[in-house]
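Engineer: Have a look at this one before I ask anything.
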Amino acid sequence: MINYKDLGLVNSREIFKKAMEGRYAIPAFNFNNMEQLQAIIQACAETRSPVILQVSRGARQYANQTLLRYMAQGAVEYAKELGVNVPIVLHLDHGDSFETCQSCIEYGFSSVMIDGSSLPYEENVEQTRRVVEYAHKYDVTVEGELGVLAGIEDEVQAETHTYTRPEEVEDFVKKTGVDSLAISIGTSHGANKFKPEQCTRNAQGILVPPPLRFDILKEVEKRIPGFPIVLHGSSSVPQDLVAVINKYGGAMKDAVGIPEEQLREAASSAVCKINIDSDGRIAMTAAIREVFATKPSEFDPRKYLGPARDCLKKLYIHKIIHVLGSENRI
Ligand code: G3H
Ligand code: 13P
Ligand code: ZN
């Protein structure tokens, strides 16, 4: 059993409390490899922002859970070396079972998500309650979820959103003891969050998605005032980066995300954690494609992973300052 506190990590309790009071959101960035982690830490150290390092089940399979844990521990030391004591949470994204959550807690994670959103309500309550009971023994914080996002959520695929039912949130939070709650108000995972027929087009021909359901968010806030809310599927799918990908041989068609101003509005409400993964993938891919297309003789991975890391760092700094509002919150 490894205690996250010995690794220099923190759970999400204190940073969510501050985010709620300060009306901003903590960035939750997914990582699978060293360059992503370097970009996250450099961006957070430069902007003095707390951060949640998210590890999905896919990331655990790809990179190995032991290695990821040492990388997170290394991230704490790296931030110190950069001269900033960045509060870092190591969080399991979309945990699918009690056993997955337990294993992560034993490996030094400071926070876990148990995603029972596709289960019948009572089963979701029971599974989440069980994880909370175990996690809290080690002061690990737990995120639960109510409502299903359209698109693919790990292996769960839904055609349309099942929006969170505000009338359930109070009962869920009380019965489970969760520390934060992910809700479904119209965001979704991936780079194609809406079908073109769900969108309108602006003067430049760019797809404009339907607005988030702020009415549901407000109703949730009214029922559980001061309780930390989480938004998944919150990439904005930057069109300039998508254009770079397509210019250099990519084929990202009708890619559309959540407009940044809507995320800013959410961040200034009870939303304390905003999950961003796809935008990072897009930034890396754009930079790598550009190098491959413009310097075809290059074969040193550092010559394309380096620019990818720079592009990612720029993206993260932009998110922290202009979307989440978490700069200078250390
Ligand atoms: O929620 C999904 C995250 O973007 C993680 O994606 O399961 O492909 O690692 P992944
Ligand atoms: P995006 O696909 O919008 O980046 O969402 C990521 C996410 O919710 C991870 O849990
Ligand atoms: Zn998610």
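Read-outs: derived from the displayed coordinates by stated rules, not from any lab. Everything numeric here is computed off the predicted structure, so don't read it as measured data. Virtual Cβ from ideal backbone geometry, glycine too; neighbours counted across all protein chains shown.
Engineer: Counting just the residues of the range 31-59 that are away from ligand 3 (no atom under 16 Å from the Cβ) and charged (D, E, K, R), which one comes out surrounded by the most Cβ atoms within 10 Å (Cβ to Cβ)?
Structural biologist: Only one residue fits best here, namely GLU35.
Engineer: Under 7 Å between Cβ atoms, at least 6 apart or on separate chains: pull out the pairs that start in the range 1-21 with a residue that is small (Gly, Ala, Ser) and end on any residue that is in a loop (DSSP other than H, G, I, E, B).
Structural biologist: Hits for this filter: SER12/ASP179; ALA19/ALA25.
Engineer: Please work out if THR162 is over 18 Å from LEU53 (Cβ atoms), under 21 Å from the mean Cα position of the chain (by Cα), surrounded by fewer than 21 Cβ atoms within 10 Å (Cβ to Cβ) and β-branched (Val, Ile, Thr).
Structural biologist: In short, yes.
Engineer: Check ALA28 against each of (1) buried (at least 20 other Cβ atoms within 10 Å of the Cβ); (2) part of a helix (DSSP H, G or I) and name the one condition it does not meet.
Structural biologist: (2)
Engineer: Another one. Could you identify the single residue in ILE258, ILE282 that is within 16 Å of the chain's Cα centre (by Cα), within 16 Å of ligand 1 (Cβ to nearest atom), over 30 Å from THR176 (Cβ atoms) and surrounded by 23 or more Cβ atoms within 10 Å (Cβ to Cβ)?
Structural biologist: The match here is ILE282.
Engineer: Among (1) without any contact (Cβ under 8 Å) to a residue 60 or more places away in the chain; (2) surrounded by 17 or more Cβ atoms within 10 Å (Cβ to Cβ); (3) over 17 Å from the mean Cα position of the chain (by Cα), where does TYR62 come up short?
Structural biologist: Checking TYR62 against (1) without any contact (Cβ under 8 Å) to a residue 60 or more places away in the chain; (2) surrounded by 17 or more Cβ atoms within 10 Å (Cβ to Cβ); (3) over 17 Å from the mean Cα position of the chain (by Cα), the one that fails is (2).
This table checks each residue for (1) surrounded by 16 or more Cβ atoms within 10 Å (Cβ to Cβ); (2) part of a strand (DSSP E or B); (3) more than 14 Å from ligand 2 (Cβ to nearest atom).
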site: GLU167; (1), (2), (3): no, no, yes
site: LYS174; (1), (2), (3): no, no, yes
site: GLY186; (1), (2), (3): yes, no, no
site: PRO211; (1), (2), (3): no, no, yes
site: LYS218; (1), (2), (3): no, no, yes
site: GLU221; (1), (2), (3): yes, no, yes
site: GLY226; (1), (2), (3): no, no, yes
